[in-house]
Amino acid sequence: MTVLSISGLDAGYGGVPVVRGLNLEVSAGEVVALLGPNGAGKTTTLRTISGLLPAIAGAVTVDGRPTDSRRPFRVARRGVAHVAEDRSLFPGLTVRENLRLASGLKRRDRAAAYERATDVFPALGPLMNRRAGLLSGGEQQMLAVARGIITSPQLLLVDEMSLGLAPVIVEEMLPVVRRVADEMNTAVLVVEQHIHLALDLADRAVVLANGSVVLDGDAAELREDPSHIEASYLG
Ligand SMILES: Nc1ncnc2c1ncn2[C@@H]1O[C@H](COP(=O)(O)OP(=O)(O)O)[C@@H](O)[C@H]1O
Ligand SMILES: [Mg+2]
């Protein structure tokens, strides 16, 4: 079942596309790694999917319905969780309060949501009353991801989860997106600089370069023969 469908998407800033003619589908329970060098247009793509940027041309649908750009909160309410590059936490609020602010979390589901957060990230358990601004980088990223997944989203977008984190923490955290896809049947689109770690857990990988898809393949095959992915990065 296709959850995210992107066809002929041009996305960018001030009417000038930096992503051109993008076609991409992600199914329920599938993890797709969106790879590519800096400036390729990965963040722009995620921001357009979640309605933070209006599409210049083309269509983005989630569950068969177009996402209405300029209304990100509506897109969120329809089950799209976006863990942004900057983590977008409220540093003065506690971990629990940050979780409470997850888009689309209903009051009656709060207790179960906190439980799910600490089930996925046990390290958050003893930190529930700590202010987010006092957490380590890894803990902040756990909180950002936890806030994204506690509502069992239909579509999870994760932008460079591992940015600024120690490799050992990355190896611990990245598999969570696989678990979310397997256990919640969520469609996951993950932007990641650690290509090999991303290929280890993804079903498919798409490489963007200069705003266009230069490679779209099965993650297991790309793992076996990394020459294709290396070539795609070099252009
Ligand atoms: N707010 C912005 N205004 C204008 N150009 C931008 C803005 N943000 C990013 N860009 C440009 O869009 C291109 C793609 O950026 P981005 O999507 O952030 O790439 P990636 O996430 O793959 O590193 C880059 O050339 C970048 O300079
Ligand atoms: Mg980026």
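Every read-out reported here was derived from the displayed coordinates using simple, explicitly stated rules and does not represent laboratory data. It should be emphasised that the depicted structure is a prediction, and the values quoted were computed from it without experimental measurement. Counting neighbours? That spans all protein chains shown, and the Cβs are built from the backbone with ideal geometry, glycine included.
So how far apart, in nm, are the two label points at Val168 and Glu224 if each is 7 Å from Cα heading toward Cβ?
Taking the two extended label points, one gets 3.5 nm.
So for the pair Phe90, Arg178, with labels modelled 7 Å out along Cα→Cβ, what separation do we get in nm?
3.5 nm
For region 126-135, what does the Karplus curve 6.51 cos²θ - 1.76 cosθ + 1.60, with θ = phi - 60°, yield as ³J(HN,Hα) per residue in whole Hz, taken in order and with x for Gly and Pro?
Working through the residues one at a time gives x, 9, 4, 9, 8, 5, 4, x, 9, 7 Hz.
If you take the alpha carbon radius of gyration of region 97-168 and divide it by 2.2 N^0.38 Å, what ratio comes out, to two decimals?
1.08
With just the Cα atoms of the chain, tell me how far they stretch along each of the three principal axes, in Å, largest first.
Projected onto its principal axes, the Cα set of the chain covers 47, 37, 32 Å.
First measure r as the distance between the Cβ atoms of Ser136 and Asn38, then evaluate 1/(1 + (r/R0)^6) with R0 = 25 Å and state the FRET efficiency to the nearest 0.05.
After rounding, the FRET efficiency stands at 0.50.
May I ask you to evaluate 6.51 cos²θ - 1.76 cosθ + 1.60, the Karplus curve with θ = phi - 60°, for each residue of region 203-219 and list the ³J(HN,Hα) values in order in whole Hz, giving x for glycine and proline?
These are the phi-based 3J(HN,Hα) values: 8, 9, 10, 10, 9, 9, 9, 6, x, 10, 6, 10, 7, 9, x, 5, 4 Hz.
Would you work out the relative contact order for the chain, in percent, from Cα pairs under 8 angstrom that are 6 or more residues apart?
Rounded, it is 26 percent for the chain.
Once fully extended, how much extra length lies between Ala111 and Asp216, figured as 0.36 nm per residue of separation less the alpha-carbon to alpha-carbon distance?
This chain segment gains 33.8 nm when fully extended.
What 222 nm value per residue comes from the helices of the chain, counting each DSSP H run with n ≥ 4 as -39,500 (n - 2.57) and dividing by all residues, nearest 500 deg cm²/dmol?
Roughly -9500 deg cm²/dmol at 222 nm, from the helical runs in the chain.
Using the number of other C-beta atoms within 10 angstrom as an exposure proxy, rank Lys106, Lys42 with the fewest first.
By the 10 Å Cβ count, ascending, the order reads Lys106, Lys42.
Shape of region 105-235 from its Cα gyration tensor (a ≥ b ≥ c, root eigenvalues): rounded if a/c is under 1.5, otherwise prolate when a/b > b/c, or oblate?
prolate
Is the shape of region 61-116 best called rounded, prolate or oblate, per the rule: a/c under 1.5 gives rounded, else a/b larger than b/c gives prolate, else oblate, with a ≥ b ≥ c the square roots of the Cα gyration tensor eigenvalues?
Values: a/c = 2.62, a/b = 1.51, b/c = 1.73.
Because a/c hits 1.5 or more and a/b fails to exceed b/c, region 61-116 counts as oblate.
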